[in-house]
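Novice: The structure's right below; bear with me while I get my questions together.
Values quoted throughout were computed directly from the atomic coordinates according to the rules given, and no laboratory measurement underlies them. Keep in mind that this is a model prediction, so the values were computed, not measured. Here the Cβ positions follow ideal geometry from the backbone for every residue, glycine too, while neighbour counts run over all protein chains shown.
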Amino acid sequence: MPGLGGQFHYDDLANVVMDPATSDPAALAGRLASGFRPLLRLSYAADHQLWGFAPAGFLATNLALHALTVFGVAALARQRLRSETSVALAAAVFALQPAHAAAVAWTSGRSTLLATF
């Protein structure tokens, strides 16, 4: 949650803020035609439509993708494990894994979140 108060970092400036495909529909169409990470580009454009270039909006999307993936891990664990305690533990371990912090708190890390989801 503290990441929602964050800013754009490092590659976010080049990959999101300064990339015309984030805010210009014509540039987005050209990028989509190239076939390079179309879902990622569409998600950045959708965020821009909703939030402008407010970092909190982009980071909220990242947090939502992570949360949805945690629910997916819980659903998978529920199919494989016998106790709800084990399911909750599996989901919590995934949710709180420190390696995921970069993907959630760094807008450019969204490609990892989308691929995992």
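Novice: If I stretch the segment between A92 and A33 completely, what's the gain in nm (0.36 nm per residue apart, minus their alpha carbon distance), one decimal?
Specialist: Working: separation 59, 0.36 × 59 = 21.24 nm, distance 3.91 nm.
My answer for the length gained is 17.3 nm.
Novice: Any idea which of A115, Y10, L32 is furthest toward the positive side of the dipole for the chain, if Lys and Arg beta-carbons carry +1 and Asp and Glu beta-carbons -1?
Specialist: A115
Novice: If you don't mind, there's one more thing I want to ask. Between R80 and A46, 0.36 nm times their residue separation minus their Cα-Cα distance comes to what? Let's see the in-between values first.
Specialist: Details: separation 34, 0.36 × 34 = 12.24 nm, distance 3.54 nm.
Gain in length upon complete extension: 8.7 nm.
Novice: I would also like to ask the following. For the range 2-116, would you read off the P(r) tail past 25 Å as a percentage of all alpha carbon pairs? Present the calculation step by step, with values, prior to reporting the outcome.
Specialist: Numbers: 1960 of 6555 pairs.
So the pairs more than 25 Å apart make up 30 percent of the total in the range 2-116.
Novice: Work out how much length F53 to F71 would gain on full extension: take 0.36 nm times their residue separation and subtract the Cα-Cα distance, in nm to one decimal. Show your work: numbers first, answer last.
Specialist: On the way: separation 18, 0.36 × 18 = 6.48 nm, distance 2.83 nm.
Once the chain is fully extended between F53 and F71, it gains 3.7 nm.
Novice: So which helices of the chain fit the span-like rule, where a helix is a whole DSSP H run, its Cα atoms reach 24 Å or more along the axis, and its mean Kyte-Doolittle is at least 0.0? Kindly include the intermediate steps, with their values, before the conclusion.
Specialist: Values: long enough: 55-80 (38 Å, 0.87).
Answer set is 55-80.
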